[in-house]
1. Could you give the accessible area per residue of the stretch 168-263, probe 1.4 Å, as a whole number in Å²?
2. By average Cβ neighbour count within 10 Å, what is the ranking of 145-151, 187-193 from highest down?
3. Taking the Cα centre of the stretch 181-281 as the origin, how large is its charge dipole in debye, to the nearest 20, when only Lys and Arg (+1) and Asp and Glu (-1) carry charge on their Cβ atoms?
4. S207 to N92: FRET efficiency via 1/(1 + (r/R0)^6), r the Cβ-Cβ distance, R0 45 Å, to the nearest 0.05?
5. With unit charges on the beta carbons (Lys and Arg positive, Asp and Glu negative) and the dipole taken about the Cα centre of the stretch 34-88, which residue among G53, S81, I35 sits farthest to the positive side?
6. Name all residues of the stretch 215-232 having a backbone nitrogen under 13 Å from the label point set 7 Å from the Cα of M168 along its Cα→Cβ direction, giving them as ranges.
7. Please compute the length gained on full extension between E152 and T30, using 0.36 nm multiplied by the number of residues separating them and subtracting their Cα-Cα distance.
8. For I188 and A272, what is the calculated FRET efficiency with R₀ set at 45 Å and r taken between the beta-carbons, to the nearest 0.05?
Amino acid sequence: MNTAIVTTTAATVSPFIQNLQQQQQQKPQTSKEAIAANVKALIEQLEEGHSEGLTAYLMAMGRFNNYSFGNILEIARQKPSATRVAGMYAWNQLGRRVNKGEKGIRILAPMTGIRRKKDDEAAKDVRTQNQSVLVGFRSVYVFDVSQTEGLELPELSSRVSGDVGERMERLLDFIAAQGILLEYKESIAPALGMSYGGKIVLLPGQSPAESFSTLVHEVAHEMLHKSERRTATTKVVRETEAEAIAFVVGRTIGLDTGRASADYIHLYHGNAALLTESLEVIQKASAVILSALESPIKDDAAESTESEEVA
């Protein structure tokens with residue numbers, strides 16, 4: 001499980017957080033049930049005009065991009081102010097201890113078992129005699145750094161800068177690797193960028209941060225909306241998804257990209273299935289882009305906890 005950093009502006013308890021106790025009492029036993037419960041709480045919050053839960057979740061997407069969709073929802077819902085999380089053993093290995101009385105953040109970890117083949121089948125190929133299979137999920141608990149004390153932690157320098165820096169070059173390399181052409185034209189004004197399926201056009205003269213954010217927005221369109229998904233969504237939904245991805249990526253590298261809007265939920269008219277699908281594609285696309293922006297040299301602390309990655 002990778003440690004991660006996220007910042008949030010939520011200062012008060014919202015309906016999204018207030019629903020936590022009731023949902024914990026129900027204790028969803030499957031990943032799908034946990035996701036459904038979280039999305040339901042998110043919809044209820046947004047329909048009441050509160051967007052801090054959505055903001056916390058979108059920001060957590062970037063900082064916890066090595067976690068699954070369901071576990072990002074769990075972390076953002078239970079502790080939106082989380083900045084860096086790890087299991088108790090991982091914190092101990094980093095020279096820190098969880099403070100007495102702290103309540104852990106519940107997430108789901110996969111349980112695997114061995115599927116044994118019959119003797120006659122196993123004899124055909126000894127390499128596949130015993131296969132590891134997923135048999136379910138179990139609850140495990142992680143803790144935020146604010147719940148611990150001990151040695152100082154190394155800074156994740158590749159994720160705290162407010163300057164685009166080398167990330168623009170990495171983003172351009174990622175775009176080129178996808179076979180997407182990039183051009184600059186004044187004629188697209190007032191649009192800042194356009195996606196044409198295999199080609200992106202940007203308006204010249206934007207600041208580095210603006211160009212980066214616009215480029216991520218258009219890359220998102222190339223990744224999500226130039227295939228069969230285009231026919232399954234409206235233009236407004238596609239633009240919202242692309243803007244959400246730009247928000248996630250921009251906030252993760254330290255750019256000031258504004259905040260999530262409660263209007264997001266109105267696009268789905270309370271449709272939990274559609275909202276779940278949209279949030280999941282946003283998370284996956286953001287994770288791919290952020291992975292391309294990462295420094296080749298990984299953080300030592302992140303590597304030390306990689307073996308604890310959960311579902």
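The values are calculated or read from the model by the stated rules, or taken from the named source; none is laboratory data. Note that the structure is a prediction, hence the values are computed from the model and not measured. Neighbour counts are summed over all protein chains in view; Cβ atoms, including those assigned to glycine, are modelled from backbone coordinates with ideal geometry. All accessible areas refer to the heavy atoms of the entire protein, side chains included, with ligands and DNA or RNA removed. Shrake-Rupley method; radii C 1.70, N 1.55, O 1.52, S 1.80 Å.
1. 48
2. Working: 145-151: 15.3, 187-193: 13.0.
The most tightly packed comes first, giving 145-151, 187-193.
3. It works out to roughly 140 debye.
4. Working: r = 44 Å, r/R0 = 0.98.
Efficiency, from the Cβ-Cβ distance: 0.55.
5. With unit charges placed on the Cβ atoms, the residue in question is S81.
6. 215-216
7. My answer for the length gained is 40.3 nm.
8. That gives a FRET efficiency of 0.80.
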